[in-house]
1. Would you calculate the separation in nanometres between label points at Ala80 and Ala504, each defined as 7 Å from the Cα along the Cα-to-beta-carbon direction?
2. Just want to confirm a number: the relative contact order over the stretch 631-798, from Cα pairs under 8 angstrom separated by 6+ residues, in percent.
3. Report the chymotrypsin sites (Phe, Trp or Tyr not before Pro) located in the stretch 244-321 that are in a DSSP loop and have at most 15 other Cβ atoms inside 10 Å of their Cβ, or state none.
4. Would you mind checking the radius of gyration and Dmax of the stretch 344-408 based on alpha-carbon positions, in Å?
5. Given the C-alpha atoms of the stretch 7-275, compute the convex hull and give its volume per residue in Å³.
6. Place a label point 7 angstrom from the Cα of Leu371 along the Cα-to-Cβ direction, then list the residues of the stretch 300-329 whose backbone nitrogen is under 18 Å away.
7. Relative to the Cα centre, what is the charge dipole magnitude of the chain, using +1 at the beta carbon of each Lys and Arg, -1 at the beta carbon of each Asp and Glu, and rounding to the nearest 20 debye?
8. In a shell of Cβ-Cβ distance under 12 Å around Asp202, excluding Asp202 itself, what net charge do Lys and Arg (+1) and Asp and Glu (-1) give?
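No lab work stands behind these numbers, since they all come straight from the coordinates. Here the structure is a predicted model, which is why all the values come from computation and not from measurement. A quick note on method: Cβ atoms are made from the backbone with ideal geometry, for glycine too, and the neighbour counts reach across all protein chains shown.
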Amino acid sequence: MSARNLQYFFEPQSIAVIGASEKPKSIGTCVLRHIVRGGFKGQIFPVNPKYDLLDGIKTFRKLDQLPAAPELAVICTPAATVPRIIGQLGTLGSKAVIVMGEAAVSDGGLLQAALQAARPYLLRMIGPGSAGIMAPAVALNASLVAGGALPGRIALLAESGALACGMADWASSQGIGFSKVVALGGSADVDVGDMLDFLAGDAGTQAILLCVEHIPHARKFMSAARAAARNRPVLVLRSGLYGAVPDAIFDAAVRRAGMLRVFSTEDLFSAVETLSRIRPLDGRRLLVIGNGRGPGLMACDALVRSGGKPAMLSGETVGKLKLLLPAAGSNAVPVALPANASALLYGQVMEAVSAERGADALLVIHAPSALESCTEIANAIASVRTKSERNILSCWLGGASLDPARQICAAAGIPAYATPDSAVCGFMQMVDFRRNQNLLMQVPPSASAGFIVDRVAANGIVEVALRDSRQHLSAADTGTLLAAYGIAVKEAPQASDALPEATALTIGLAIDPVFGPAVVLRQSGKDGRTETSAGLPPLNLVLARDMAAHGGVAGLADDGLQQSAPGADQICQVLLKVSRLLTDIPELAELEIGFPSPGGQEMAGMYAHARVQPSEAGSGLQRLAICPYPDDLEEIVCWQGAPLLLRPIRPEDGEAHVAFFNALDPEDVRYRMFVGMRALQPSQLARFTQIDYDREMAFIATRPSGDGSAETLGVARVVADPDNIQAEFSVIVRSDLKALGLGQVLMTKLIAYCRSHGTREMIGEALPHNVRILHLVKKLGFEVKPLERSNTMWLRLDLRPGLQR
C-alpha cells in the first residue's frame with residue numbers, strides 16, 4: 001500500500017493487547033508480559049472479557065470501554081474475530097494493528113474482510129501470522145521474543161516470524177543491537193517494500209537486514225530498495241533456489257538495487273560489522289600480512305577461490321620491507337613476519353605497506369605468541385589505521401584470550417575475524433557491496449543506446465503469428481524479428497536435438513513470477529560448468545558489462561565497468577538489443593539465441609528459438625520490475641520561435657548535465673541548492689540523471705548545439721513521497737537564458753505531469769531573494785508564504801480536481 005502511518009508501530013503512545021490472557025502458553029499472555037516487562041512507557045490496555053486484572057493492569061472487557069483509542073493494537077484472538085476487531089479499532093481511531101500467530105487468517109474471505117475493514121481508516125496491518133515488532137530505543141517489545149532486543153542502529157526485517165525471533169535472540173547473545181525488528185508474516189497490507197520505504201527515512205537506522213522468501217510487488221520493492229540503498233547498507237538473505245535461473249534473476253535485482261546478498265545468518269551480521277567500517281574501496285586486491293606464512297597462504301587461497309586477487313608488492317615497498325624483515329619475508333606475498341613479531345615490528349611493516357598502490361585493503365593476521373602481548377599488537381594496528389585511508393581488516397587466530405585484541409580493533413573501526421576464511425569473506429563482501437553501489441550510482445556512456453530498431457517490423461511478425469494462432473515462430477520469422485533489433489542469426493535447424501555443437505553461449509529471455517522478464521546469459525566453460533547471469537531490463541552498457549562479467553565473459557573485469565575485449569563488447573551489444581526487444585514486445589514469452597565463441601567483426605547466432613503469446617490488456621511496461629524510459633512523455637514545443645524538445649532525463653545525459661551545471665552562475669546554484677557548489681560530484685550527477693521514473697521525474701529542455709550534440713537548457717524536477725500525496729519540485733534554467741519564459745514552459749510541463757500522475761499537491765521552498773521563481777509560481781497558482789523558523793518561502797499548489805487554476 002504505502003509507508004503511511006507506519007510510525008505508529010514503533011512510537012505508539014498507547015497499546016491494546018486484544019486477547020490478553022494469563023494462560024501459560026497463550027500468545028496473548030506472552031505479548032502482554034513482554035510489553036510490560038520490557039518497560040514500555042505508554043498506556044497499556046489489555047482486552048479480554050474473562051479478566052478484570054492482568055499483570056497488575058486493569059483489563060477491559062470490550063474495545064468500546066477503552067478510555068482512549070490505542071495507537072497500536074495487537075490482536076491475539078481466533079481468525080474469525082479479526083475483521084470485526086479491525087473495524088472496531090478503525091472506528092475508535094487506531095492507526096496500526098499487528099495480527100499475531102494464533103490469528104493467522106488463512107481463509108481468503110476473512111483476509112479480504114479484514115483489509116476492507118481497515119482501508120477506510122488508513123489503519124495499517126502487519127500480518128497475519130506475525131511474530132510481532134520491537135523498537136528497543138523506546139523499550140517496546142510487542143513480540144514473541146522473551147528477552148526483547150538490545151538497542152542499536154540495525155533494522156531487521158523478516159517475513160518469517162521464527163527467523164526474526166531466532167536472529168534477535170542470537171544477536172542479543174552476541175551483544176548486537178537493533179533499531180527496529182519486524183516480523184511481517186503474511187504481508188497482506190504492510191509488505192517488504194512499504195517497510196523499506198519507512199526504514200529508508202528512519203534516522204535511527206544505520207543499516208537494514210532483510211530476510212525474504214517472496215516479493216509481492218516487484219516494482220514497488222525495487223523502487224524502495226534503490227531508495228534505501230542510496231543512504232545505507234541493505235543486506236539481503238533469501239530462502240530460495242540457489243543456482244537456478246530464478247535465483248540468478250533475484251541476484252540481478254539485488255545488484256541493480258545497490259544491495260548486498262549474503263547466504264547465511266552468520267554472514268548477515270558479519271557483513272554489517274564489515275560494512276559499517278568500510279572506507280572507499282576501488283578494487284579487489286588484498287595484501288595479507290601475518291606472523292607466519294601458513295595462515296597468510298590460507299587467506300590467499302580463500303581470496304582466489306572467492307574471485308579476489310592477492311596484491312603484489314612494488315619495488316619501492318619491497319625495498320622498505322628489506323630493511324625490516326628477513327629476505328624470505330620481504331618480497332613474497334603474503335608478507336610473513338616472524339612468529340614472535342613485536343608490536344613495534346607490526347606497526348613498522350604496516351606503515352611500510354600502507355601506501356602500496358597495488359593493494360586495495362590490508363588484512364593483518366596474528367597467531368598467539370607467548371612472547372608478545374596481543375593487546376599491544378592490536379594497539380599498533382589501530383594506530384596505523386588512524387593515519388591511513390586504507391581499509392584494514394584483522395584476523396585473530398585463537399579463542400577468548402584474544403578477545404581484548406578484537407575489542408581494541410573494533411573500537412578503532414577495524415573488523416576483527418576468527419579465521420582467514422571469514423576475514424576474506426568480509427573483504428569480498430566489501431568488494432561486492434561497493435561494486436553494487438557503484439552500479440547504482442553509475443552514469444552510463446551514451447553508447448548504451450547506439451543502435452536502431454524497427455519496432456513496426458517486429459510487431460508485424462508477432463501480430464501475424466498470433467492472428468494465425470501460431471505461438472512458436474518459424475526460423476524465418478524468428479530471424480526477421482531479431483534482425484529488426486540488429487541481431488544476426490544464421491540459417492540453422494530449430495529442433496533442440498539438432499542444435500550446433502559449436503554453441504558456446506546463449507542469450508535469451510526468462511520470465512520470473514515476481515520480477516517479470518529478464519535477459520539471461522549462459523556460457524559453457526572448458527571445465528564443463530555453465531555460468532549463468534541475469535539482468536533486469538532496461539539495460540544500459542554499464543549494466544550489460546556487469547551482467548556479462550557475472551556470466552564469466554572473458555575480457556571483462558569483475559566489476560564490469562572497465563574497457564573490455566572486442567568479443568566481450570559484442571556480447572554486451574547483444575544483451576542491450578535483447579533488453580530493448582523484451583521492453584518493446586510484451587508478447588514475447590520465450591527466446592533463446594545460441595552463439596559460438598565471440599570474436600571477429602560480427603557476432604551472429606548459430607540458432608534462435610522464439611515463442612509468443614497474447615499479452616494481457618494493459619500489461620505492457622507494467623510487467624517490468626523497473627520502469628523504463630517513458631518516451632511517451634517526450635514533447636516538442638515552440639519556444640522563442642524555434643522547436644524545443646521537452647523530455648524526461650536519461651542516465652546518458654550525464655555529460656550534457658555537467659555542461660549545463662557549469663554554465664550556471666554561482667548565485668543561481670545557491671538559489672537552487674541553498675548552498676554554494678563549484679562542481680557536481682559523481683554521486684550527485686548519478687542521482688540527478690539516473691532517476692526512478694515510478695517515483696520521480698525530471699524534464700529537461702534540450703536542443704541541438706552547434707556541433708550537433710544535444711545541449712540541456714533547463715531542468716524541472718519533482719520527487720513524490722511513496723504515497724504520491726506530496727511531490728517536491730524544483731526548476732532551474734541556464735543563467736544566460738533567464739527571463740525568456742523557459743522556466744514557465746518547464747513548470748507547465750511538470751504540473752501537467754503531476755496532475756496526470758494523480759499527485760495531490762506540489763510543494764517546494766525558495767529563498768526570499770529569488771524573486772524570479774516566486775513570481776513564476778504565483779503566476780502558476782501556487783500559494784506562497786514564509787516558512788516558520790526558516791529563512792525560506794513555502795510554495796504549494798493543490799492539484800486535486802476542481803482546484804485547477
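1. Placing both labels 7 Å beyond Cα along the Cβ direction yields 6.8 nm.
2. This gives 17 percent for the stretch 631-798.
3. In loop regions of the stretch 244-321 (DSSP not H, G, I, E or B), the sparsely surrounded chymotrypsin sites (Phe, Trp or Tyr not before Pro) are Phe263.
4. Cα radius of gyration and Dmax of the stretch 344-408 are 11.8, 35 Å respectively.
5. 121
6. Correct set: 324-329.
7. I would put it at about 1900 debye.
8. Neighbour charge sum, excluding Asp202 itself: +1.
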